[in-house]
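> Please read through the structure below; I'll follow up with questions.
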Amino acid sequence: MDLATLVRVLTWGLVTGSVYMLLATGITLIFGVMKVVNFAHGELMMIGAFITFILAHSAGLNPYLAIFVSMIAVGLVGVVIERFGFRLLRDGEKINEVFFSIALILILQNALWMRPRSTTSVSSSCATTLSSCSCWPGRSSPDSRWCSIERASGGTSARRARTASARC
């Protein structure tokens, strides 16, 4: 490994570590100061990343300005979640906050993915684009696996293995 590659790896390691540190600091502050169990903290961070990416690449905004715009947008989303969600659960049991934050995770993960997309399934023999099947990223686990096995030509061996194991 040459020196330029080593410097790049170390730089990106520091950047990634800094992002993890900021995420952990945010979770610590939310739980330590507000006494709120919010497992959806990472989803809010990803919404900020998506907004920054969309503003920088699709809208052509300066990436540094897009970061500040996404910070304001995610801050407003956080205020709405706190006012209409966690504040109503503040006097109740902590398990209600846990359930709300898990529900919030599912809502935020699926809210951004409301349109079908084409998924590529790669097998040992071919790569097949599954545009006839409605594989939604928000429902990636069961639906895309079903689409890969049932609709793709590469799923033939998986179907045969499933049938063979059912006979045993």
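The values are calculated or read from the model by the stated rules, or taken from the named source; none is laboratory data. If you're wondering where the values come from, they're calculated on a predicted model, not measured in any experiment. In this analysis, Cβ positions are derived from the backbone assuming ideal geometry, glycine residues included, and neighbour counts consider all displayed protein chains.
> Specify the residue that is nearest to Asn110 (Cα to Cα); the eligible residues are those in the range 30-58 that are assigned to a helix (DSSP H, G or I) and over 22 Å from the mean Cα position of the chain (by Cα). Show your work before the answer.
Step one: filter the range 30-58 for residues assigned to a helix (DSSP H, G or I), giving 30-34, 41-58.
From the residues that got through so far, the ones that are over 22 Å from the mean Cα position of the chain (by Cα) too are 32-34.
Details: Gly32: 29, Val33: 29, Met34: 27 Å.
Here the answer is Met34.
> In the range 42-84, how many residues are among the polar types (S, T, N, Q) and either closer than 18 Å to Leu29 by Cα or in contact with a Lys or Arg (Cβ under 7 Å, 6 or more places away or on another chain) (or both)?
Adding up the residues that qualify gives 0.
> Right, something else. Tell me which residues, restricted to the range 51-106, are on the phi > 0 side of the Ramachandran plot and either buried (at least 16 other Cβ atoms within 10 Å of the Cβ) or modelled with pLDDT of 95 or more (or both).
none
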